[in-house]
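I have placed the structure first, in the form of structure tokens, so that the comments after it can refer back to it.
The values are calculated or read from the model by the stated rules, or taken from the named source; none is laboratory data. It should be emphasised that the depicted structure is a prediction, and the values quoted were computed from it without experimental measurement. No Cβ is skipped: glycine too gets one built from the backbone with ideal geometry, and neighbour counts run over all protein chains shown.
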Amino acid sequence: MTASAQNTPRKVALYANVGHELLHYDVDVAGAALIKRSAITAPASVQYAWPHASGHYLYVASSNNTQGSTQHYVTVFRIAPQTGELAKRGESLQLPVRPIHITTDIPSEHVLVAFNIPSGVRVFRIDKDFTLGEEIKQSGPIDGGIYAHQIRVTPDSRHAILVTRGNGATPTRPEDPGALKMFDYARGALSNEASIAPDGGRGFAPRHLDFHPTKPWVYVSLEIQSKMYMYRMEKGRLTSDTVYRKDTVAEPNNMRPRQLAGTIHVHPNGRFVYVANRADGTVEFKGKKVFRGGENSIAVYSIDQSTGEPTPIQHIDTRKVYPRTFHIDPSGRLLVVQHNRPVNVRDGDEVRLVAAGMSVFRIGNDGKLTFVRTYDVDVGDQTMFWMGMVQL
């Protein structure tokens, strides 16, 4: 390979769903722009997706999310190495219930799928042709907690963590406790489960976690509490003590209905961590339901490189409503936020529709975000549920 070829930036593809459709965009990282290229359909509405370690395949979990339905799948798509275009590979694997999250282990030898109702996880072998093979039978029952929302494998690929959110209390039902379910992991086998649940899981509703790229630190977003907790790992396993607790919202004393923390990502350089704040509560105005207020933002924290402590340095509005997910491009220069549905907002005495779509931000050397532009997406009666970027 010549020096000029070595210095040529690798292309980045962005994939985002509208219901069962997967949209493909080229990412102009330098120009902070998205260029729509193509679309392909999954067998049901996309819930989550995860790329193979090679970057050549995308494992897509989909479901029509209807109780009692049989339309729940994992589908493998090949990623064209030059263009990023997706092509289905093999037959979709049918699942028993709705998959909420999907990942691979570090070498991408197995796919792990998390389910929320009933809460649990299943593991499938990745065959030599990159399609999914047999399910790995576990030696004993798996404690899936209550309402799993994410499954991740630790960077050493020796442990797996099932993030179980629980459920908030209602006028007719007490709170269901949340927990981080920690497992030893070896060649698809899960064992030796341990549960991390401060105060028995009460007031603890973890949604997503992410790992520091070089330090034994884990950052967890708490959905209902709008908090971020930091944990340490010893010998690859989470310790039970919460090291740091931080608010994700800028105004923790002004919480509006349906104010929730969401996705969390550590920057590739390990110096910053980002959390989504989302709100979509409504009130009646002129015969329409309109957004009642709340924080739709990305919270930015600097990470102390000796202690792991996150310190808030920015809260930036995402310019649309309900940022369900976001992703950082592999070079760490761009952050794209996805908003899943259109929402009416009050604009003086008028009502204005804010479309679903994506917002693009540059990431500065100081970790802070600068807004660049939004892209409206017509979702019809569907929703945007997942979005991610892959380096080709």
| In the range 65-85, what residues are over 13 Å from residue 41 (Cα atoms), assigned to a loop (DSSP other than H, G, I, E, B) and touching a strand residue (DSSP E or B) at 6+ places or on another chain (Cβ under 9 Å)? | 65, 69, 70, 71, 80, 83, 84
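Find the strands (runs of 3 or more DSSP E) located wholly in the range 98-152 whose residues include 2 or more that are of a type in the set (A, V, I, L, M, F, W, C), and list them.
On the way: elements: 99-104, 110-116, 119-126, 132-135.
Of the strands (runs of 3 or more DSSP E) lying wholly inside the range 98-152, those with at least 2 residues that are of a type in the set (A, V, I, L, M, F, W, C) span 99-104, 110-116, 119-126.
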| note | Inside the range 316-353, the number of residues satisfying the requirement of being of a type in the set (Val, Ile, Thr) and either free of Cβ contacts under 8 Å to residues at least 12 places away in the same chain or touching a His at 6+ places or on another chain (Cβ under 8 Å) (or both) is 4
| query | When you go through 348, 357, 332, 367 one by one, which is the residue that is on the phi > 0 side of the Ramachandran plot and at pLDDT below 95? | reply | 348
| field | Condition broken by residue 55, with the remaining ones in (1) touching a His at 6+ places or on another chain (Cβ under 7 Å); (2) surrounded by 15 or more Cβ atoms within 10 Å (Cβ to Cβ); (3) assigned to a loop (DSSP other than H, G, I, E, B) satisfied | value | (1)
| request: Could you check how many residues of the range 85-105 are surrounded by 15 or more Cβ atoms within 10 Å (Cβ to Cβ), aliphatic (A, V, I, L, M) and within 20 Å of residue 392 (Cα to Cα)? | output: 1
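Looking at residue 256, is it basic (Lys, Arg) and without any contact (Cβ under 8 Å) to a residue 24 or more places away in the chain?
On the way: basic (Lys, Arg): yes; without any contact (Cβ under 8 Å) to a residue 24 or more places away in the chain: no.
When the stated conditions are applied, residue 256 does not pass them.
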| Which of the residues that make up the range 64-78 are buried (at least 23 other Cβ atoms within 10 Å of the Cβ) and farther than 16 Å from residue 127 by Cβ? | 72
| Wholly within the range 316-392, which strands (runs of 3 or more DSSP E) include no fewer than the required count, namely at least 2 residues that are touching a Phe, Trp or Tyr at 6+ places or on another chain (Cβ under 6 Å)? | 334-339, 343-347, 356-363, 369-377
| query | Would it be correct to say that residue 320 is under 22 Å from residue 354 (Cα atoms) and either in contact with a Cys (Cβ under 7 Å, 6 or more places away or on another chain) or surrounded by fewer than 18 Cβ atoms within 10 Å (Cβ to Cβ) (or both)? | reply | no
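Residue by residue, here is whether (1) crowded, with 20+ Cβ neighbours inside 10 Å; (2) assigned to a strand (DSSP E or B); (3) within 18 Å of the chain's Cα centre (by Cα) holds:
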| position | (1), (2), (3) |
| --- | --- |
| 253 | no, no, no |
| 260 | yes, yes, yes |
| 273 | yes, yes, yes |
| 284 | no, yes, no |
